[in-house]
1. Of the residues that sit in region 213-268 and are among the acidic types (D, E) and part of a helix (DSSP H, G or I), which one is farthest from L111 (Cα to Cα)?
2. Please find, among K121, K132, K162, the residue that is assigned to a loop (DSSP other than H, G, I, E, B), at pLDDT 95 or above and either within 16 Å of ligand 2 (Cβ to nearest atom) or surrounded by fewer than 21 Cβ atoms within 10 Å (Cβ to Cβ) (or both).
3. Do we have L71 as in a helix (DSSP H, G or I) and in contact with a helix residue (DSSP H, G or I) (Cβ under 7 Å, 6 or more places away or on another chain) here?
4. Return the residues of region 217-237 that are at negative phi and crowded, with 19+ Cβ neighbours inside 10 Å; say none if nothing qualifies.
5. Could you please find all residues in region 165-183 being modelled with pLDDT under 60 and in contact with a Ser or Thr (Cβ under 9 Å, 6 or more places away or on another chain)?
6. Could we say that A154 is hydrophobic (A, V, I, L, M, F, W, C) and at pLDDT 95 or above here?
7. Please indicate, with yes or no, whether at least one residue in region 217-236 is closer than 24 Å to M78 by Cα, within 24 Å of the chain's Cα centre (by Cα) and either within 16 Å of ligand 1 (Cβ to nearest atom) or in contact (Cβ under 8 Å) with a residue 24 or more places away in the chain (or both).
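The values are calculated or read from the model by the stated rules, or taken from the named source; none is laboratory data. Quantities reported herein were computed from a predicted structural model and do not represent experimental measurements. Positions of Cβ are backbone-derived with ideal geometry, glycine not excepted, and every protein chain shown enters the neighbour counts.
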Amino acid sequence: MGDEILVGDRVVFQPAGESVQEMHRNSGESSSGIIEDLLPRKTVLIRPPVANVEQLVLVMSLQEPEPDWQLAGRILLMAGQENIEVFCCLNKIDLIAEKELESFYRLLDPLPYALVWSSAKMGTGIAQLSEKLQGRFSVFAGPSGAGKSSLLNAVQPGLALKTGEVSSRIGRGRHTTRHARLLPLDQEGFVVDTPGFSRVSLSGLDPRRLGGLFPEFNGHAGRCSFRDCNHIHEPDCAVREAVSAGEINSCRYEQYRLFWQELTGKER
Ligand code: GDP
Ligand code: ZN
């Protein structure tokens with residue numbers, strides 16, 4: 001990414017040709033000047049392109065559009081690589097019948113990520129979301145149409161972010177948020193609202209790091225027979241045993257295998 005300046009970057013800024021009086025008149029804000037230095041970044045995300053965020057809010061709608069778990073897995077890996085904390089907002093619960101919602105709870109609650117079950121439409125989960133954003137620098141990520149802008153508007157109506165209709169034909173949102181923007185929150189903290197996206201590449205991730213980025217493997221991987229076990233075909237693999245015993249979600253393990261194959265180019 002070279003020296004390109006990202007949303008969230010901290011810089012040394014020299015206002016151009018303004019007297020101190022003018023600076024005061026402009027409430028200390030100056031629109032033109034020279035960026036003299038780019039300060040070291042604590043974290044960098046490539047998608048969305050943003051620097052220094054502390055937490056990522058993964059927004060998935062449970063319907064319209066239906067959740068894309070593979071995309072969710074890729075976003076979780078991307079955040080994990082940078083040690084960015086994550087929580088997931090499962091949105092549009094108002095569109096889901098109670099029985100179906102229960103099966104979502106059963107599937108997702110045991111995963112090692114904090115979850116907020118929300119409906120921007122009904123106001124469900126908004127207080128919880130708001131509390132998690134307080135005083136932090138967060139980025140919202142997820143597919144278009146999942147409800148990122150609607151959730152932010154529910155947290156802080158003054159933001160008045162544009163929201164998009166989900167096309168009923170393809171169940172996908174149009175790309176309503178055009179570029180990443182830094183939004184200050186009344187309750188302290190900043191949020192980056194970004195365009196939705198549907199693809200995240202894992203290129204550059206060392207496959208040997210992959211297992212460590214699945215937090216639910218951590219308690220088991222130390223008991224694999226091989227110290228550098230890839231949890232794919234090795235004998236006496238404690239991770240695969242935990243999958244068989246139902247202690248690790250088998251869909252997550254399948255996702256691990258898929259990503260491992262993608263990164264190594266190996267089938268098995
Ligand atoms: P974004 O692309 O992720 O920012 O999604 P938007 O916030 O633009 O929302 C896409 C569409 O989903 C809009 O028509 C919203 O009104 C709708 N929407 C957002 N949240 C909810 C929700 O909780 N329930 C329902 N039923 N619709 C929602
Ligand atoms: Zn193993």
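1. E262
2. Testing whether each residue is assigned to a loop (DSSP other than H, G, I, E, B), at pLDDT 95 or above and either within 16 Å of ligand 2 (Cβ to nearest atom) or surrounded by fewer than 21 Cβ atoms within 10 Å (Cβ to Cβ) (or both) leaves just K121.
3. no
4. F217, H220, C224, C229, N230, C237
5. E165, V166, R172, G173, R174, H175, T176, T177
6. Values: hydrophobic (A, V, I, L, M, F, W, C): yes; at pLDDT 95 or above: yes.
Yes, satisfied.
7. Checked against the condition, which is being closer than 24 Å to M78 by Cα, within 24 Å of the chain's Cα centre (by Cα) and either within 16 Å of ligand 1 (Cβ to nearest atom) or in contact (Cβ under 8 Å) with a residue 24 or more places away in the chain (or both), region 217-236 yields at least one hit.
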